[in-house]
1. Looking at Arg43, Arg78 in this structure, which one is of a type in the set (Lys, Arg), under 20 Å from Tyr227 (Cα atoms), surrounded by fewer than 18 Cβ atoms within 10 Å (Cβ to Cβ) and modelled with pLDDT under 55?
2. May I ask you to list the residues in segment 157-173 that are at pLDDT 95 or above and either under 13 Å from Ile16 (Cα atoms) or within 11 Å of the chain's Cα centre (by Cα) (or both)?
3. For segment 129-163, what are the residues that are surrounded by fewer than 23 Cβ atoms within 10 Å (Cβ to Cβ), among the small types (Gly, Ala, Ser) and on the phi < 0 side of the Ramachandran plot?
4. Just the residues that are among the aliphatic types (A, V, I, L, M), closer than 20 Å to Lys186 by Cα and without any contact (Cβ under 8 Å) to a residue 40 or more places away in the chain, please, taken from segment 140-170.
5. Identify all residues within segment 112-124 that are exposed (fewer than 12 other Cβ atoms within 10 Å of the Cβ) and under 21 Å from the mean Cα position of the chain (by Cα); write none if there are none.
6. Here's a check for you: in segment 182-201, which residue that is at pLDDT 85 or above and buried (at least 17 other Cβ atoms within 10 Å of the Cβ) is farthest from Ile128 (Cα to Cα)?
7. Every residue in segment 202-237 that is basic (Lys, Arg), farther than 18 Å from Tyr163 by Cα and at pLDDT 75 or above, please.
8. Counting only residues that are of a type in the set (Asp, Glu) and at pLDDT below 90, which one in segment 81-111 is surrounded by the fewest Cβ atoms within 10 Å (Cβ to Cβ)?
Amino acid sequence: MLLAPTLWGQIHYGAITYEITINLNKRFPSINQQNTHGFGNTRGQNRASNTQYLVENATLYFNDSVSIFITHPPESMRDLNRTFLTSTQINLNDKMLQTHINLFGEEFTIHDSLPQRIWKFTSRERLIAGKMAKQAITQVNDSTTIYAWFDPDFFYSIGPESYSGLPGAILGLAYEDGSITYFAQKIDTNYPEMQGQFLNLATRNVMTRKHFITTFNEKYNAAHRYYQLIKDMLVFF
């Protein structure tokens with residue numbers, strides 16, 4: 001009984017693999033002609049509409065005390081001069097959030113409380129990674145609607161990036177206009193090896209979310225080619 005991967009029929013630990021798809025035309029329309037946002041080669045181009053997509057993979061590891069969401073950017077983004085979110089770590093006991101960002105070669109760790117999101121439940125369901133997930137809706141910045149599909153078979157409230165607050169694991173996440181989607185591809189219920197995934201905060205610039213936003217606003221404005229991408233990062237956590 002003690003070695004069973006689930007307790008009372010629920011999943012208490014494991015790893016969820018996601019595919020993240022970003023519609024570059026929708027997410028970054030003002031800079032779409034600038035080499036597709038500076039990301040180099042992209043995958044999944046629709047030739048008929050000339051729509052370009054950036055496709056990433058990510059893994060959400062979780063156990064009884066912590067979840068950590070790690071993105072695995074494509075080769076075209078594995079460059080210290082690029083900007084991308086690398087990992088989000090949540091302490092499930094005290095609901096504290098640590099987000100690690102590489103910003104033009106400078107690394108930051110944002111340490112703050114987990115955002116409290118207001119979810120509205122619907123009666124819709126969707127099959128994701130072999131699980132029938134239930135739909136819920138929330139808003140960010142009082143304007144952007146986010147659709148989520150969660151599975152209550154998971155004991156903890158976990159999900160991609162900083163998204164949580166639902167009774168289970170979020171297996172799917174999508175902006176209302178389809179500009180960004182997250183969908184689980186694989187669920188592993190073996191106990192995850194997480195020791196090597198934790199951040200070494202001694203070598204990072206550690207600050208609160210408010211401090212990071214102030215720093216960001218002082219350095220960058222809407223004309224900067226990476227402004228929208230950094231704004232997306234701020235929305236997520």
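The values are calculated or read from the model by the stated rules, or taken from the named source; none is laboratory data. In this text the structure is predicted, and so the values were computed from the model without any measurement. Glycine also receives a Cβ, built like all others from the backbone with ideal geometry; neighbour counts cover every protein chain displayed.
1. Among Arg43, Arg78, only Arg78 is of a type in the set (Lys, Arg), under 20 Å from Tyr227 (Cα atoms), surrounded by fewer than 18 Cβ atoms within 10 Å (Cβ to Cβ) and modelled with pLDDT under 55.
2. Ile158, Gly159, Gly168, Ala169, Ile170, Leu171, Gly172, Leu173
3. Ala136, Ser143, Ser157, Ser162
4. Ala148, Ile170, listed by residue number.
5. Passing the criteria: Ser113, Gln116, Ile118, Lys120.
6. If we take residues in segment 182-201 being at pLDDT 85 or above and buried (at least 17 other Cβ atoms within 10 Å of the Cβ), then Pro192 is farthest from Ile128 (Cα to Cα).
7. Residues satisfying the conditions are Lys210, Lys219.
8. Glu106
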